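The values are calculated or read from the model by the stated rules, or taken from the named source; none is laboratory data. Every value quoted in this text rests on a predicted model; they were computed, and no experiment measured them. Reconstructed Cβ throughout: ideal geometry from the backbone, glycine too, with neighbour counts over all protein chains shown.
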Amino acid sequence: LYAVAATTSALAALLGAARAIWSVITLPPAVAMQPPAPALYQSFLTGEGRLLSAFSQLTIMAFRHLLRWPLRSLLTALGTSLAVALLVTALFSFDSIAFMVDTVFFRAERQDATLSFGVEQSTRALQ
């Protein structure tokens, strides 16, 4: 299962890199040397001056950037939340193992040794 996941991830990374390199190679030199065109943003709540004055310029720029690519923003938030959930789950396992060790060895079975016999023995067998 892990080998399939690792192979799929490596293949996706290699294909993505190959596609990026191919798009750069096939670009004509005159087009490749031009700077990228600036992004075209739509007006964002321009009619409400009082509403915009509550936010800083940096916050408004961040909102515009998020609204420009909503799917990218959604997938980024989803990926971050899943990563945090995975981290919390992984760290929970350490605490649960520590709790089980404490419960079994220091609370439930406090003896130093346990003897188990296959057949019933008298109490003299313990001496």
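So which of T114, T89, T80, T123 ends up being exposed (fewer than 10 other Cβ atoms within 10 Å of the Cβ), of a type outside the set (D, E, K, R) and at pLDDT 90 or above?
T89
May I ask you to list the residues in the range 1-41 that are closer than 30 Å to R64 by Cβ, part of a loop (DSSP other than H, G, I, E, B) and not aliphatic (A, V, I, L, M)? Even if it seems obvious, please write down each step before you answer.
At the first step, the residues of the range 1-41 found to be closer than 30 Å to R64 by Cβ are 16, 19-20, 23-24, 27, 31-41.
Next cut, part of a loop (DSSP other than H, G, I, E, B) only: 27, 33-41.
Of everything in the range 1-41, those that are closer than 30 Å to R64 by Cβ, part of a loop (DSSP other than H, G, I, E, B) and not aliphatic (A, V, I, L, M) turn out to be Q34, P35, P36, P38, Y41.
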